[in-house]
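Below is one structure; the comments refer to it alone.
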Amino acid sequence: MNLDFSVIVPSMPYILKGIFVTLQIVGLSALLGFAWGIVLALFKISRIKPLNWIGDAYTSVFRGTPLVLQLLIIYFGLPQILGTNISPYVAAVAAFSLNSGAYISEVIRAGINAIDKGQREAAIALGVPYSKMMKDIILPQAFKNILPALMNEFITLTKESAIVTVIGVGDVMRRSYQVGADYYRYFEPLLFAGLIYYSLVMILTLLGKWVEGRMRRSD
């Protein structure tokens, strides 16, 4: 076996800097995807049929096509239509947000539907406006039920963020690949990148369990 991790030690700080890029993309995409997922979920449970169709069609398209395809369409395809270039960072956040919103909308929709209908009927009987009912009564309860699923989506997003390397974003994966090209040794830097991603996922997993435990104790 021709392995020598000491060769990449000087380049490890360079690879580690990619963590901040990865977390920036994942964090912003998760927030935007969550907000967009709430909107789509409300579309799907709306009594207005066109909104139902829009929500279902959107989810069908973004769940039925590869994420990397969506990323490439936004980065390479949209400039052809818009007549202006899109930065790799903006393209990555846009693609991940739009894709994540589709998955999160299904999670939120299921969480809302799991709430006892009697609570909605009681709120309506008391004259509580729909928006206030959703914001103060339904969504907080649904959020507690769907927290594990949301954390799984966040973890998946963290791992899938590695595909931004195809459009040149300097994340962990891109930097490890560049180090491999510099030394003509790919196994060591890529394995180091894998360790970084695994550590991030474990941290998120523990954080999710901690938050879930706190929410259970607050019931």
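Bear in mind that the values in this text are calculations on the coordinates, not laboratory data. Source: prediction; values computed, not measured. So basically every Cβ, Gly included, is an ideal-geometry build from the backbone, and we count neighbours across all protein chains shown.
Each residue of region 170-183 was assigned a 3J(HN,Hα) from its phi angle through the Karplus expression (A = 6.51, B = -1.76, C = 1.60, θ = phi - 60°), giving x, 8, 4, 5, 4, 5, 5, 5, 5, 5, x, 5, 5, 9 Hz with x at Gly and Pro. Based on alpha-carbon atoms, the Kirkwood radius and the radius of gyration of the chain give Rg/Rh equal to 1.07.
Tell me, what is a quarter of the convex hull surface for the C-alpha atoms of region 30-151, in nm² with one decimal?
8.6 nm²
Taking 0.36 nm per residue of separation and subtracting the current Cα-Cα distance, fully stretching the chain between D56 and D116 would add 19.3 nm. Of the residues F34, F154, F143, the one that moves most in a GNM of the chain with alpha-carbon contacts below 10 Å is F143.
Legend: residue pairs K49/K117; K49/K135; K17/K144; K49/K132; K49/K209; K44/K144, Cα-Cα distance threshold 30 Å; pairs beyond threshold, K17/K144; K49/K209. Summary of the geometry: region 117-155 and region 43-80, compared by the centres of their Cα atoms, lie 24 Å apart. I want to check the label-to-label distance for F187 and L206. Put each point 7 Å from Cα in the C-beta direction and report it in nm to one decimal. Here the answer is 3.0 nm between the modelled labels. Taken one residue at a time, the phi angles of region 40-46 give Karplus couplings (6.51, -1.76, 1.60, θ = phi - 60°) of 5, 4, 5, 4, 5, 9, 5 Hz. Gly and Pro are set to x. Around the amide H of S46, modelled in the peptide plane, lies no amide H under 5 Å away from a residue 5 or more places distant or on another chain.
A simple rule links phi to the HN-Hα coupling: the Karplus curve 6.51 cos²θ - 1.76 cosθ + 1.60 with θ = phi - 60°, which for region 26-33 gives 5, x, 5, 5, 5, 5, 5, x Hz, with x for Gly and Pro.
What list do you get for R63, R174 if you sort them by fewest beta carbons within 10 Å?
Taking fewest neighbouring Cβ atoms as first place, the list is R63, R174.
Note on V172, V107: ascending count of other Cβ atoms within 10 Å places them as V107, V172, the fewest first. In this entry, region 161-219 is assigned a mean projected area of 4.8 nm², taken as a quarter of its C-alpha convex hull surface.
Just so you know, the Rg over Rh for region 30-80 is 1.06, from Cα atoms, with Rh as the Kirkwood radius.
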